[in-house]
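> Below is one structure. I have some questions about it.
The values are calculated or read from the model by the stated rules, or taken from the named source; none is laboratory data. This one's a predicted model, so the numbers in the text were calculated from it and none came from an experiment. All Cβ positions, glycine included, derive from the backbone under ideal geometry; neighbour counts span all protein chains shown.
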Amino acid sequence: MKDLVIIGGGPAGLTAGIYGMRAGLDLVIVEKFSPGGQVINSYEIENYPGFAEPVEGWKLMSDMEEQTRRLGAEIISAEVLSIKKDAGVFTVGLADGEIQARSVIIAAGAFNRRLNVPGEKEYVGRGVSYCATCDGAFFKDKVTVVAGGGDVALEEAFFLTRFASKVYLIHRREHFRGADILQKRVLGNEKIVPVLCTNIESVNGDTTVNSVTLKNTKTGEINRLDTDGVFIFIGYDPNTSFVDKELLNEQREVIVDMNMHTGVEGLFAAGDIRSGSKRQIVMAAADGATAVLSAYEYLTGNYCS
Ligand code: NAP
(Lines give C-alpha, C1' and ligand atoms only; values in the text may rest on other atoms or scores of the structure.)
Protein backbone atom coordinates (compact mmCIF):
# COMPACT_ATOMS: atom_id res chain seq x y z
CA MET A 1 0.00 0.00 0.00
CA LYS A 2 1.52 3.30 -1.16
CA ASP A 3 0.87 6.69 0.42
CA LEU A 4 0.46 8.22 -3.03
CA VAL A 5 0.19 7.27 -6.69
CA ILE A 6 1.00 10.06 -9.15
CA ILE A 7 -0.42 9.43 -12.62
CA GLY A 8 1.70 11.17 -15.25
CA GLY A 9 5.36 12.08 -15.59
CA GLY A 10 5.15 15.57 -17.11
CA PRO A 11 6.04 18.78 -15.23
CA ALA A 12 3.05 18.43 -12.84
CA GLY A 13 3.67 14.76 -12.01
CA LEU A 14 7.44 15.07 -11.64
CA THR A 15 7.15 18.17 -9.44
CA ALA A 16 4.60 16.33 -7.29
CA GLY A 17 7.18 13.53 -7.07
CA ILE A 18 9.94 15.94 -6.01
CA TYR A 19 7.81 17.54 -3.28
CA GLY A 20 6.34 14.19 -2.21
CA MET A 21 9.77 12.58 -1.75
CA ARG A 22 11.00 15.57 0.24
CA ALA A 23 7.91 15.23 2.45
CA GLY A 24 8.80 11.58 3.09
CA LEU A 25 5.84 10.04 1.25
CA ASP A 26 6.02 6.48 -0.07
CA LEU A 27 5.00 7.21 -3.66
CA VAL A 28 5.15 5.91 -7.18
CA ILE A 29 4.84 7.81 -10.46
CA VAL A 30 3.06 5.94 -13.26
CA GLU A 31 3.83 7.17 -16.77
CA LYS A 32 2.32 5.74 -19.95
CA PHE A 33 5.27 6.59 -22.21
CA SER A 34 8.60 7.95 -21.01
CA PRO A 35 8.66 10.86 -18.51
CA GLY A 36 8.63 14.40 -19.89
CA GLY A 37 5.11 14.96 -21.18
CA GLN A 38 4.27 17.27 -24.07
CA VAL A 39 7.23 19.56 -23.30
CA ILE A 40 9.65 17.16 -24.96
CA ASN A 41 7.95 17.98 -28.27
CA SER A 42 8.93 21.66 -27.88
CA TYR A 43 12.24 22.57 -29.38
CA GLU A 44 12.94 25.46 -27.01
CA ILE A 45 11.33 26.87 -23.88
CA GLU A 46 12.07 30.50 -23.12
CA ASN A 47 9.52 31.28 -20.42
CA TYR A 48 10.43 28.77 -17.73
CA PRO A 49 12.13 30.81 -14.99
CA GLY A 50 15.71 30.08 -14.03
CA PHE A 51 17.12 29.76 -17.54
CA ALA A 52 18.75 32.92 -18.84
CA GLU A 53 18.93 31.35 -22.30
CA PRO A 54 16.15 29.24 -23.87
CA VAL A 55 16.34 25.60 -22.79
CA GLU A 56 15.48 22.70 -25.09
CA GLY A 57 12.22 20.95 -24.12
CA TRP A 58 13.81 17.49 -23.82
CA LYS A 59 16.66 18.91 -21.71
CA LEU A 60 14.36 20.65 -19.24
CA MET A 61 12.34 17.49 -18.78
CA SER A 62 15.24 15.08 -18.63
CA ASP A 63 16.79 17.21 -15.85
CA MET A 64 13.41 17.31 -14.07
CA GLU A 65 13.20 13.51 -14.29
CA GLU A 66 16.76 13.12 -13.02
CA GLN A 67 16.02 15.45 -10.10
CA THR A 68 12.94 13.39 -9.23
CA ARG A 69 14.86 10.09 -9.42
CA ARG A 70 17.79 11.52 -7.39
CA LEU A 71 15.35 12.16 -4.57
CA GLY A 72 14.42 8.48 -4.72
CA ALA A 73 11.09 8.51 -6.55
CA GLU A 74 10.09 5.30 -8.31
CA ILE A 75 8.83 5.86 -11.87
CA ILE A 76 7.14 2.95 -13.60
CA SER A 77 5.99 2.65 -17.18
CA ALA A 78 2.34 1.58 -17.40
CA GLU A 79 -1.03 2.75 -18.69
CA VAL A 80 -3.68 3.60 -16.11
CA LEU A 81 -7.12 2.30 -17.03
CA SER A 82 -9.18 3.07 -13.91
CA ILE A 83 -9.22 4.62 -10.44
CA LYS A 84 -11.55 3.19 -7.80
CA LYS A 85 -11.95 4.06 -4.14
CA ASP A 86 -13.25 1.65 -1.54
CA ALA A 87 -13.10 2.04 2.26
CA GLY A 88 -10.51 4.85 2.01
CA VAL A 89 -8.22 2.90 -0.31
CA PHE A 90 -7.65 3.75 -3.97
CA THR A 91 -7.05 1.00 -6.50
CA VAL A 92 -5.32 2.27 -9.62
CA GLY A 93 -6.00 -0.24 -12.39
CA LEU A 94 -3.19 -0.74 -14.91
CA ALA A 95 -3.19 -2.58 -18.21
CA ASP A 96 -1.18 -5.22 -16.36
CA GLY A 97 -1.99 -5.28 -12.62
CA GLU A 98 -3.00 -2.67 -10.06
CA ILE A 99 -1.58 -0.43 -7.34
CA GLN A 100 -3.24 0.41 -4.04
CA ALA A 101 -2.70 3.74 -2.35
CA ARG A 102 -4.18 6.07 0.23
CA SER A 103 -4.17 9.03 -2.16
CA VAL A 104 -3.86 9.73 -5.89
CA ILE A 105 -2.79 12.72 -7.99
CA ILE A 106 -3.98 12.69 -11.60
CA ALA A 107 -1.42 14.57 -13.70
CA ALA A 108 -1.84 12.73 -17.01
CA GLY A 109 -1.75 15.88 -19.16
CA ALA A 110 -3.29 16.22 -22.58
CA PHE A 111 -2.91 14.96 -26.15
CA ASN A 112 -2.75 16.75 -29.49
CA ARG A 113 -6.13 17.72 -30.91
CA ARG A 114 -6.87 16.36 -34.38
CA LEU A 115 -8.20 18.36 -37.32
CA ASN A 116 -10.45 15.40 -38.18
CA VAL A 117 -10.34 16.05 -41.92
CA PRO A 118 -10.04 13.45 -44.69
CA GLY A 119 -6.46 12.30 -45.19
CA GLU A 120 -5.16 13.40 -41.77
CA LYS A 121 -5.23 9.96 -40.16
CA GLU A 122 -4.13 8.14 -43.31
CA TYR A 123 -0.98 10.25 -43.73
CA VAL A 124 0.29 10.26 -40.13
CA GLY A 125 3.99 9.40 -40.41
CA ARG A 126 3.82 9.95 -44.21
CA GLY A 127 3.73 13.75 -44.12
CA VAL A 128 1.30 14.50 -41.29
CA SER A 129 2.97 15.22 -37.94
CA TYR A 130 2.15 16.63 -34.51
CA CYS A 131 5.79 17.22 -33.52
CA ALA A 132 8.17 19.53 -35.39
CA THR A 133 11.08 18.69 -33.10
CA CYS A 134 10.67 15.00 -33.92
CA ASP A 135 9.98 15.25 -37.66
CA GLY A 136 11.15 18.69 -38.83
CA ALA A 137 14.50 17.44 -40.11
CA PHE A 138 12.74 15.18 -42.64
CA PHE A 139 11.56 18.33 -44.44
CA LYS A 140 14.91 19.84 -45.38
CA ASP A 141 14.41 22.23 -48.34
CA LYS A 142 10.77 21.12 -48.60
CA VAL A 143 7.49 23.00 -48.37
CA THR A 144 5.46 22.53 -45.20
CA VAL A 145 2.11 23.62 -43.86
CA VAL A 146 1.43 24.39 -40.20
CA ALA A 147 -2.16 24.40 -38.94
CA GLY A 148 -3.05 26.58 -35.92
CA GLY A 149 -2.68 30.08 -34.54
CA GLY A 150 -1.71 29.57 -30.89
CA ASP A 151 1.68 29.70 -29.16
CA VAL A 152 2.60 26.20 -30.22
CA ALA A 153 1.78 26.72 -33.94
CA LEU A 154 3.78 29.97 -33.99
CA GLU A 155 6.76 28.50 -32.12
CA GLU A 156 6.85 25.37 -34.24
CA ALA A 157 6.40 27.23 -37.55
CA PHE A 158 9.43 29.30 -36.61
CA PHE A 159 11.37 26.17 -35.68
CA LEU A 160 10.50 24.52 -39.03
CA THR A 161 12.18 27.36 -40.94
CA ARG A 162 15.49 25.76 -39.91
CA PHE A 163 14.74 23.00 -42.39
CA ALA A 164 11.86 23.84 -44.70
CA SER A 165 12.20 26.14 -47.70
CA LYS A 166 8.72 27.56 -46.99
CA VAL A 167 6.20 27.27 -44.15
CA TYR A 168 2.57 28.15 -44.85
CA LEU A 169 0.91 29.00 -41.53
CA ILE A 170 -2.80 28.26 -41.93
CA HIS A 171 -5.06 29.85 -39.33
CA ARG A 172 -8.85 29.84 -39.30
CA ARG A 173 -9.23 33.42 -38.03
CA GLU A 174 -7.94 36.89 -38.95
CA HIS A 175 -5.79 37.23 -35.81
CA PHE A 176 -3.38 34.81 -34.21
CA ARG A 177 -4.06 33.68 -30.67
CA GLY A 178 -0.37 33.25 -29.78
CA ALA A 179 1.80 35.66 -27.75
CA ASP A 180 2.74 39.00 -29.30
CA ILE A 181 6.47 38.24 -29.24
CA LEU A 182 5.87 35.03 -31.19
CA GLN A 183 3.62 36.77 -33.74
CA LYS A 184 6.34 39.37 -34.42
CA ARG A 185 8.95 36.63 -34.77
CA VAL A 186 6.83 34.68 -37.23
CA LEU A 187 5.70 37.66 -39.29
CA GLY A 188 9.32 38.85 -39.54
CA ASN A 189 10.50 35.57 -41.05
CA GLU A 190 10.55 35.57 -44.84
CA LYS A 191 10.15 31.78 -45.05
CA ILE A 192 6.78 31.92 -43.23
CA VAL A 193 3.67 32.76 -45.24
CA PRO A 194 0.57 33.40 -43.09
CA VAL A 195 -2.68 32.19 -44.66
CA LEU A 196 -5.49 33.63 -42.56
CA CYS A 197 -9.25 32.98 -42.41
CA THR A 198 -8.59 29.58 -43.88
CA ASN A 199 -9.40 26.00 -42.91
CA ILE A 200 -7.74 22.84 -44.10
CA GLU A 201 -10.50 20.76 -45.71
CA SER A 202 -8.41 17.70 -46.55
CA VAL A 203 -4.88 16.34 -46.68
CA ASN A 204 -4.08 14.79 -50.06
CA GLY A 205 -1.33 12.63 -51.48
CA ASP A 206 -0.30 9.33 -53.01
CA THR A 207 2.26 7.39 -51.00
CA THR A 208 3.06 10.57 -49.03
CA VAL A 209 1.39 13.96 -48.65
CA ASN A 210 1.53 16.19 -51.73
CA SER A 211 -1.08 18.89 -51.04
CA VAL A 212 -3.84 20.25 -48.81
CA THR A 213 -7.22 21.54 -49.85
CA LEU A 214 -7.98 24.92 -48.29
CA LYS A 215 -11.24 26.81 -47.83
CA ASN A 216 -11.42 30.54 -47.18
CA THR A 217 -13.85 31.07 -44.29
CA LYS A 218 -14.98 34.48 -45.63
CA THR A 219 -15.35 33.86 -49.36
CA GLY A 220 -15.85 30.09 -49.36
CA GLU A 221 -13.19 29.85 -52.08
CA ILE A 222 -11.50 26.45 -52.35
CA ASN A 223 -7.80 26.15 -53.25
CA ARG A 224 -5.22 23.42 -53.46
CA LEU A 225 -1.80 24.13 -51.96
CA ASP A 226 1.14 21.88 -52.82
CA THR A 227 3.09 20.78 -49.75
CA ASP A 228 5.31 17.94 -48.57
CA GLY A 229 4.27 18.03 -44.94
CA VAL A 230 1.41 19.07 -42.66
CA PHE A 231 2.16 19.91 -39.04
CA ILE A 232 -0.92 20.22 -36.84
CA PHE A 233 -0.83 22.34 -33.65
CA ILE A 234 -4.43 23.23 -32.82
CA GLY A 235 -4.41 22.71 -29.06
CA TYR A 236 -4.81 19.82 -26.69
CA ASP A 237 -7.51 17.68 -25.11
CA PRO A 238 -7.13 16.27 -21.59
CA ASN A 239 -6.20 12.59 -21.08
CA THR A 240 -9.17 11.73 -18.91
CA SER A 241 -10.53 8.54 -20.48
CA PHE A 242 -9.85 6.62 -17.21
CA VAL A 243 -11.45 9.24 -14.93
CA ASP A 244 -15.03 8.98 -13.60
CA LYS A 245 -17.22 11.24 -15.84
CA GLU A 246 -18.82 12.82 -12.77
CA LEU A 247 -15.47 14.44 -11.92
CA LEU A 248 -15.14 16.16 -15.32
CA ASN A 249 -16.40 19.44 -16.78
CA GLU A 250 -17.74 19.96 -20.32
CA GLN A 251 -14.18 20.13 -21.73
CA ARG A 252 -13.50 16.74 -20.08
CA GLU A 253 -11.05 18.36 -17.63
CA VAL A 254 -10.93 17.20 -14.00
CA ILE A 255 -12.74 19.73 -11.82
CA VAL A 256 -10.57 20.92 -8.90
CA ASP A 257 -10.57 23.63 -6.26
CA MET A 258 -7.61 25.92 -5.59
CA ASN A 259 -5.89 23.18 -3.58
CA MET A 260 -6.20 20.74 -6.51
CA HIS A 261 -8.84 18.67 -4.65
CA THR A 262 -11.30 16.85 -6.88
CA GLY A 263 -14.80 15.91 -5.67
CA VAL A 264 -13.35 12.75 -4.04
CA GLU A 265 -11.43 12.90 -0.73
CA GLY A 266 -7.78 11.95 -1.29
CA LEU A 267 -8.00 12.37 -5.06
CA PHE A 268 -6.23 15.37 -6.60
CA ALA A 269 -5.51 16.61 -10.12
CA ALA A 270 -2.72 18.85 -11.44
CA GLY A 271 -1.45 20.40 -14.65
CA ASP A 272 -3.05 20.50 -18.11
CA ILE A 273 -5.65 17.91 -17.13
CA ARG A 274 -7.36 20.06 -14.52
CA SER A 275 -10.13 22.61 -14.93
CA GLY A 276 -8.99 26.20 -15.46
CA SER A 277 -5.44 25.24 -16.43
CA LYS A 278 -3.55 27.91 -18.34
CA ARG A 279 -1.35 25.18 -19.85
CA GLN A 280 1.99 26.67 -18.91
CA ILE A 281 4.90 24.52 -17.77
CA VAL A 282 5.55 26.70 -14.74
CA MET A 283 1.90 26.46 -13.73
CA ALA A 284 1.79 22.70 -14.18
CA ALA A 285 4.82 22.45 -11.92
CA ALA A 286 3.14 24.71 -9.35
CA ASP A 287 -0.04 22.59 -9.55
CA GLY A 288 2.00 19.47 -8.85
CA ALA A 289 3.49 21.07 -5.74
CA THR A 290 0.08 22.30 -4.57
CA ALA A 291 -1.52 18.89 -5.13
CA VAL A 292 1.13 17.01 -3.19
CA LEU A 293 1.00 19.46 -0.27
CA SER A 294 -2.76 18.91 -0.20
CA ALA A 295 -2.25 15.14 -0.37
CA TYR A 296 0.26 15.33 2.51
CA GLU A 297 -2.25 17.29 4.56
CA TYR A 298 -4.96 14.73 3.74
CA LEU A 299 -2.70 11.81 4.67
CA THR A 300 -1.21 13.22 7.87
CA GLY A 301 -3.46 16.02 9.01
CA ASN A 302 -0.31 18.21 9.05
CA TYR A 303 0.74 21.10 6.87
CA CYS A 304 4.05 20.61 5.03
CA SER A 305 6.21 22.96 2.96
P1 NAP B 1 -4.24 27.06 -28.18
O2 NAP B 1 -3.62 28.22 -27.51
O3 NAP B 1 -5.50 26.48 -27.64
O4 NAP B 1 -4.44 27.45 -29.71
C5 NAP B 1 -5.00 26.53 -30.58
C6 NAP B 1 -5.05 27.18 -31.94
O7 NAP B 1 -5.56 26.24 -32.88
C8 NAP B 1 -5.94 28.40 -31.97
O9 NAP B 1 -5.37 29.38 -32.77
C10 NAP B 1 -7.23 27.84 -32.56
O11 NAP B 1 -7.93 28.79 -33.34
C12 NAP B 1 -6.72 26.77 -33.49
N13 NAP B 1 -7.69 25.68 -33.62
C14 NAP B 1 -8.30 24.98 -32.64
N15 NAP B 1 -9.10 24.03 -33.16
C16 NAP B 1 -9.00 24.15 -34.49
C17 NAP B 1 -9.58 23.46 -35.59
N18 NAP B 1 -10.43 22.45 -35.41
N19 NAP B 1 -9.26 23.86 -36.83
C20 NAP B 1 -8.40 24.87 -37.04
N21 NAP B 1 -7.79 25.57 -36.05
C22 NAP B 1 -8.10 25.20 -34.80
O23 NAP B 1 -3.24 25.80 -28.27
P24 NAP B 1 -1.65 25.69 -28.32
O25 NAP B 1 -1.04 26.70 -29.22
O26 NAP B 1 -1.41 24.27 -28.60
O27 NAP B 1 -1.24 26.03 -26.85
C28 NAP B 1 -1.85 25.29 -25.77
C29 NAP B 1 -1.51 25.98 -24.48
O30 NAP B 1 -0.15 25.73 -24.18
C31 NAP B 1 -1.70 27.50 -24.55
O32 NAP B 1 -2.30 27.93 -23.35
C33 NAP B 1 -0.29 28.00 -24.64
O34 NAP B 1 -0.12 29.29 -24.09
C35 NAP B 1 0.44 26.96 -23.85
N36 NAP B 1 1.87 26.90 -24.16
C37 NAP B 1 2.73 27.08 -23.15
C38 NAP B 1 4.07 27.05 -23.39
C39 NAP B 1 5.00 27.24 -22.21
O40 NAP B 1 4.56 27.16 -21.06
N41 NAP B 1 6.27 27.51 -22.45
C42 NAP B 1 4.58 26.84 -24.68
C43 NAP B 1 3.66 26.65 -25.70
C44 NAP B 1 2.30 26.69 -25.43
P45 NAP B 1 -8.68 30.05 -32.66
O46 NAP B 1 -7.59 31.01 -32.29
O47 NAP B 1 -9.58 30.51 -33.72
O48 NAP B 1 -9.41 29.47 -31.47
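> Of all residues in the stretch 158-200, how many are small (Gly, Ala, Ser) and within 10 Å of the ligand (Cβ to nearest atom)?
Step one: filter the stretch 158-200 for residues small (Gly, Ala, Ser), giving 164-165, 178-179, 188.
Checking the rest, the ones that are also within 10 Å of the ligand (Cβ to nearest atom) come to 178-179.
Residues in the stretch 158-200 being small (Gly, Ala, Ser) and within 10 Å of the ligand (Cβ to nearest atom): 2 in total.
> Ala101 - would you say it is under 23 Å from Asp272 (Cβ atoms), assigned by TED's automatic domain parsing to the domain that holds Ser277 and within 16 Å of the ligand (Cβ to nearest atom)? Full working, then the answer.
Details: under 23 Å from Asp272 (Cβ atoms): yes; assigned by TED's automatic domain parsing to the domain that holds Ser277: yes; within 16 Å of the ligand (Cβ to nearest atom): no.
So Ala101 fails the test.
> Another question about this same structure. Count, please, the residues in the stretch 111-126 that happen to be within 12 Å of the ligand (Cβ to nearest atom), within 12 Å of Val230 (Cα to Cα) and at pLDDT below 95.
Counting residues in the stretch 111-126 that are within 12 Å of the ligand (Cβ to nearest atom), within 12 Å of Val230 (Cα to Cα) and at pLDDT below 95 gives 0.
> Restricting the stretch 281-297 to residues that are within 16 Å of the ligand (Cβ to nearest atom) and not small (Gly, Ala, Ser), which is surrounded by the fewest Cβ atoms within 10 Å (Cβ to Cβ)?
Val282
> Taking Lys215 as meeting all but one of (1) buried (at least 16 other Cβ atoms within 10 Å of the Cβ); (2) basic (Lys, Arg); (3) within 22 Å of Lys142 (Cβ to Cβ); (4) in contact with a strand residue (DSSP E or B) (Cβ under 7 Å, 6 or more places away or on another chain), write down the number of the exception.
Exception for Lys215: condition (3).
> Tell me, yes or no, whether the stretch 272-280 has at least one residue that is in contact with a Leu (Cβ under 8 Å, 6 or more places away or on another chain), in the same structural domain as Val55 (by TED's automatic domain parsing), hydrophobic (A, V, I, L, M, F, W, C) and surrounded by 24 or more Cβ atoms within 10 Å (Cβ to Cβ).
First, the residues of the stretch 272-280 that are in contact with a Leu (Cβ under 8 Å, 6 or more places away or on another chain): none.
No, the stretch 272-280 has no match at all.
> Can you run down the residue pairs with Cβ atoms below 8 Å, 6 or more apart or on separate chains, where the first is in the stretch 165-177 and in a loop (DSSP other than H, G, I, E, B) and surrounded by 15 or more Cβ atoms within 10 Å (Cβ to Cβ) and the partner is among the β-branched types (Val, Ile, Thr) and modelled with pLDDT of 95 or more?
Hits for this filter: His171/Val195; His171/Thr198; Arg172/Thr198; Arg172/Thr217; Phe176/Val186.
> Counting only residues that are in a strand (DSSP E or B) and more than 10 Å from the ligand (Cβ to nearest atom), which one in the stretch 127-152 is farthest from Ile232 (Cα to Cα)? Please lay out each step first, then the result.
Step one: of the stretch 127-152, the residues in a strand (DSSP E or B) are 128-129, 143-147.
When the remaining residues are screened for being more than 10 Å from the ligand (Cβ to nearest atom), the result is 128-129, 143-146.
Values: Val128: 8, Ser129: 6, Val143: 15, Thr144: 11, Val145: 8, Val146: 6 Å.
Only one residue tops the list, namely Val143.
> Tally the residues that are within 23 Å of Val92 (Cβ to Cβ), under 16 Å from the mean Cα position of the chain (by Cα) and crowded, with 18+ Cβ neighbours inside 10 Å, restricting the search to the stretch 19-60. Quick ask: steps written out before the conclusion?
Step one: of the stretch 19-60, the residues within 23 Å of Val92 (Cβ to Cβ) are 19-38.
From what's left, under 16 Å from the mean Cα position of the chain (by Cα): 31-38.
Next, from what is left, pick out any that are crowded, with 18+ Cβ neighbours inside 10 Å: 31, 35-38.
The total comes to 5.
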